[in-house]
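Notes to accompany the following structure.
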Amino acid sequence: MDFNIGQKIKTLRKQRKLTLQDVATETGFSPALISQIENNNVSPPIATLSKIARFFDIKMSHFFEEGEETNRYEIVRRGERRIVSRVISKDGTSHGYTYETLSYRKRNKKMEPFVLTVTERAQEETLYNHEGEEFLLILKGNAEIILNDERFSLEEGDAVYFDSTVKHRLLAKDGETVQVLAVVTR
């Protein structure tokens, strides 16, 4: 399922009569990157979406919603999960991970649950940070997480909870596939 995140960002920008440069200046991203995201040429990492959502003063769930129905609960069956993005870096290389949303109908959520699958060890180790908090539970495989300048090994069943303003990055240890339950708050 394509959530058309780029179009939603473009619509928000145009509704507020902002230029690409306005959004870039306030978010810290380049106008070229904002344009690539709006045109769905680049799938932004969750950290990037979080900063854009904060700038527009909306919940990150806005990017993953469909339809107009408001529910107080939601059940998503295994076969109904939706791939949110296969994250690609600014230079066009794969970051080696995919997000599947575990909630896409419920509106006004305070958290975003995902299954994150890391299929390869990224060549670069760019660290990300954004507002909110994160909880990660290693479901399968072994991972390495970088929190600021510290590195920690995580095995199946291990969990980490951290303030998302801490610069961070999750990597597959030894290039093996890692599957993670990730819960991100705004």
- Along the Cα-to-C-beta direction of M111, a point sits 7 Å from the Cα; which residues of segment 144-163 have their amide N less than 20 Å from that point? 155-163
- Would you calculate, for the chain, the mean residue ellipticity at 222 nm contributed by helices, counting each DSSP H stretch of 4 or more residues as -39,500 (n - 2.57) and dividing by all residues, to the nearest 500? -6000 deg cm²/dmol
- Extension gain K173-Q21, at 0.36 nm per residue separation less the Cα-Cα distance, in nm? 50.9 nm
- Query: Between F162 and N129, what is the label-to-label distance in nm when each label sits 7 Å out along the Cα-to-Cβ direction?
  - Reply: 1.1 nm
- Query: For segment 78-185, with only Lys/Arg (+1) and Asp/Glu (-1) charged at the beta-carbon, what is the dipole magnitude about the Cα centre, in debye rounded to 20?
  - Reply: 760 debye
- For the pair S35 and K14, how long in nm is the line joining their label points, each one 7 Å along Cα→Cβ? 1.6 nm
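Just subtract the alpha-carbon distance of R78 and T119 from 0.36 nm times their residue separation and send over the number in nm, one decimal. Please report the intermediate quantities before stating the final value.
Numbers: separation 41, 0.36 × 41 = 14.76 nm, distance 1.95 nm.
Net length gain for the segment: 12.8 nm.
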- Message: Please give the charge dipole size of segment 5-64, origin at the Cα centre, charges +1 on K and R Cβ atoms and -1 on D and E Cβ atoms. Round to the nearest 20 debye.
- Response: 180 debye
- Query: With charges only on Cβ, +1 for K and R and -1 for D and E, what is the dipole size of the chain about its Cα centre, in debye, rounded to 20?
  - Reply: 860 debye
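Report the local net charge at L12: Lys and Arg +1, Asp and Glu -1, summed over other residues whose C-beta lies under 14 Å from its C-beta.
Working: positive: K8, K10, R13, K14, R16, K17, K51, R54, K59; negative: D22, E26, E38, D57, E65.
Summing Lys and Arg as +1 and Asp and Glu as -1 gives +4.
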- Message: Based only on other Cβ atoms within 10 Å, what is the fewest-to-most ordering of T119, T165?
- Response: T165, T119
- In segment 13-76, GluC sites (Glu not before Pro) in a DSSP loop with at most 14 other beta-carbon atoms within 10 Å: E66, E68, E69, E74
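Just so you know, all these numbers are worked out from the coordinates, no wet-lab data involved. Predicted model, so just to flag it, every value in this text is computed and none were measured. Backbone-built Cβ (ideal geometry, glycine too); neighbour counts: all protein chains shown.
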